[in-house]
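The values are calculated or read from the model by the stated rules, or taken from the named source; none is laboratory data. What you see is a predicted model; the values in this text were computed from it and never measured. For neighbour counting, all protein chains shown are included, and Cβ atoms are generated from backbone atoms with ideal geometry for every residue, glycine included. Ligands, DNA and RNA are stripped out before the accessible areas are found, and what is left, the full protein with its side chains, is counted by its heavy atoms. Shrake-Rupley method; radii C 1.70, N 1.55, O 1.52, S 1.80 Å.
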Amino acid sequence: MRRQRLEEFIAPLRVPAGRKVHLGSDYDPAYKAGIANKKAGKELLEEGVSLLSDYQGRLAAQNSWGVLVVLQALDTAGKDGAIRHVMSGVNPQGVSVHSFKVPSTEELDHDYLWRYASRLPARGQIGIFNRSHYEEVLVVRVHPENLEREQLPPHARGEDVWQRRYREINDWERYLVDNGFKIVKLFLNLSKEEQRSRLLRRIDLPDHRWKFSDADVAERARWEDYQHAISQALSHTSTEWAPWHVIPADHKWFARTAVACVVLDALMEIDPHYPKVGEEQRRELLRAKQELEAEAPHGAPLDPNVAGGDA
């Protein structure tokens, strides 16, 4: 029943494979899925965080699957806050977060997926890409001068470069999924007016001013270009094996709840279990237990963890 409720909650957020997306008209940034208020949303988030902690422990113990969470958004959409709140209850040793900035000289000397492939999570771990390989079909598409910096041969800079990159990304993600790495792709969808409000908030509040950058306003001037590039990326790279979810981000509390639900649903689909102990391991555990109990000081319980202390 819990999995069914999750599926019903996130179904409107999922981009069906093959669908042609028009971001501005297809997905409402202020959508709240009928949740009454912020308090109710926070209660759902707390429940989701608790379940995430349980499933992450199982994922690490089973050590068969890894999970890659891809977070894409425009400036001020709340990626950092979503990571901080959704992952607040998990074991930090089992989670890695990577933010991808402007490529270094070394990274530009490799293929465009190289720096992302080198930071993938291991089996048993959750890896989060705060911005991701999708920068290569979003920022690079809006700013084609970045394509020149990649030092590609002429044939790789042709008119079909974006269609080719969609295909290459789909193939790469299919390869990862086939090898046991679940991919959860989330686009935090913010309205232009809400972005304006958040940028002003960064200017108005002294403890927020450090977050502000002139580049944020410059990028905002390319809003329509980004809407087109995002719509194209969602249309061409939401697949059966790695679908996109468009997360309404005008209400931060709802965005965090929705992110938690989509990640939790992916872990439930994997359904990891703690490994079963075989007979030989049981005998080894029993021998170790007897040795430890024999070391108990006089008057101390043999095993403080068992009722009565002498079981």
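How many residues are free of Cβ contacts under 8 Å to residues at least 60 places away in the same chain and assigned to a helix (DSSP H, G or I) when one looks only at segment 27-53? Of the residues in segment 27-53, 7 are free of Cβ contacts under 8 Å to residues at least 60 places away in the same chain and assigned to a helix (DSSP H, G or I). Annotation: of all residues in segment 261-311 being open to solvent by 60 Å² or more (accessible area, probe 1.4 Å) and either in contact with a strand residue (DSSP E or B) (Cβ under 8 Å, 6 or more places away or on another chain) or of a type in the set (Asp, Glu) (or both), the one that is nearest to residue 246 (Cα to Cα) is 269. Does segment 63-70 contain at least one residue that is out of contact with any Lys or Arg (no Cβ under 9 Å at 6 or more places or on another chain), open to solvent by 40 Å² or more (accessible area, probe 1.4 Å) and touching a residue at least 12 places away in the same chain (Cβ under 8 Å)? Among the residues of segment 63-70, not one is out of contact with any Lys or Arg (no Cβ under 9 Å at 6 or more places or on another chain), open to solvent by 40 Å² or more (accessible area, probe 1.4 Å) and touching a residue at least 12 places away in the same chain (Cβ under 8 Å), which makes the answer no.
Yes/no matrix, rows are residues, columns are (1) in contact with a Ser or Thr (Cβ under 6 Å, 6 or more places away or on another chain); (2) farther than 14 Å from residue 67 by Cβ; (3) acidic (Asp, Glu):
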{"position": "95", "(1), (2), (3)": "no, no, no"}
{"position": "105", "(1), (2), (3)": "no, yes, no"}
{"position": "133", "(1), (2), (3)": "no, yes, no"}
{"position": "170", "(1), (2), (3)": "yes, yes, no"}
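Which condition does residue 181 not pass, out of (1) in contact with a helix residue (DSSP H, G or I) (Cβ under 8 Å, 6 or more places away or on another chain); (2) buried (at least 18 other Cβ atoms within 10 Å of the Cβ), if it passes all the others? Going through the list (1) in contact with a helix residue (DSSP H, G or I) (Cβ under 8 Å, 6 or more places away or on another chain); (2) buried (at least 18 other Cβ atoms within 10 Å of the Cβ), residue 181 breaks only (1). The single condition from (1) within 30 Å of residue 48 (Cα to Cα); (2) open to solvent by 20 Å² or more (accessible area, probe 1.4 Å); (3) out of contact with any Pro (no Cβ under 6 Å at 6 or more places or on another chain) that residue 250 fails is (3). Checked against the criterion of being on the phi > 0 side of the Ramachandran plot, open to solvent by 40 Å² or more (accessible area, probe 1.4 Å) and in contact (Cβ under 8 Å) with a residue 12 or more places away in the chain, the candidates 141, 131, 123 yield just one match: 131.
Somewhere in segment 7-14, is a residue surrounded by 11 or more Cβ atoms within 10 Å (Cβ to Cβ), outside any helix (DSSP H, G or I), under 22 Å from the mean Cα position of the chain (by Cα) and touching a residue at least 12 places away in the same chain (Cβ under 8 Å)? So far as segment 7-14 goes, yes, one or more of its residues are surrounded by 11 or more Cβ atoms within 10 Å (Cβ to Cβ), outside any helix (DSSP H, G or I), under 22 Å from the mean Cα position of the chain (by Cα) and touching a residue at least 12 places away in the same chain (Cβ under 8 Å).
If we keep just the residues of segment 210-255 that are in a helix (DSSP H, G or I) and among the charged types (D, E, K, R), which is farthest from residue 71 (Cα to Cα)? If we take residues in segment 210-255 being in a helix (DSSP H, G or I) and among the charged types (D, E, K, R), then 214 is farthest from residue 71 (Cα to Cα).
Taking residue 140, is it outside any loop (DSSP other than H, G, I, E, B) and within 23 Å of the chain's Cα centre (by Cα)? Here the answer is yes, as residue 140 does meet what is asked. Residues that are part of a loop (DSSP other than H, G, I, E, B) and open to solvent by 50 Å² or more (accessible area, probe 1.4 Å) within segment 105-120 comprise 109, 110, 111, 118, 119, 120, listed in sequence order.
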